[in-house]
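Written out below as structure tokens is the structure these notes cover.
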Amino acid sequence: MKPFYYFLLFSVALISCQEKVSPESISKINGYWEIQKVQLPDGQEKEYNINETVDYIEWNGKTGYRKK
């Protein structure tokens, strides 16, 4: 096959694997958020026992904001 067909096949596979986000699921992000644990690229986990900042996220339709 030619490189164009490989690119086309790869593009179709990449696009078809995306998860769709519904408006109902976006409303679940509203509220206060605190980071408790982070997983690093090498597989290690870092826990945050005391967090000095808490983010408030609110989403209204197509606009939203984040406040610390």
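At-a-glance table
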read-out: Search result, residues across region 54-68 that are open to solvent by 70 Å² or more (accessible area, probe 1.4 Å) and in contact (Cβ under 8 Å) with a residue 24 or more places away in the chain; value: Trp59
read-out: Output for region 1-53, where each listed residue is in a strand (DSSP E or B), surrounded by 10 or more Cβ atoms within 10 Å (Cβ to Cβ) and either hydroxyl-bearing (Ser, Thr, Tyr) or in contact with a Gly (Cβ under 6 Å, 6 or more places away or on another chain) (or both); value: none
read-out: Leading residue by the ranking (modelled with the highest pLDDT) among those in region 45-68 that are β-branched (Val, Ile, Thr) and within 30 Å of Glu24 (Cα to Cα); value: Ile57
read-out: Any chance Ile57 is of a type outside the set (Phe, Trp, Tyr) and in contact with a strand residue (DSSP E or B) (Cβ under 9 Å, 6 or more places away or on another chain); value: yes
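The values are calculated or read from the model by the stated rules, or taken from the named source; none is laboratory data. The structure presented is a predicted model; accordingly, all values stated were derived computationally and were not measured. When we count neighbours, we look across all protein chains shown, and the Cβ atoms used for this are built from the backbone with ideal geometry, even at glycine. Surface accessibility is based on the protein's heavy atoms, side chains included, excluding ligands, DNA and RNA. Shrake-Rupley method; radii C 1.70, N 1.55, O 1.52, S 1.80 Å.
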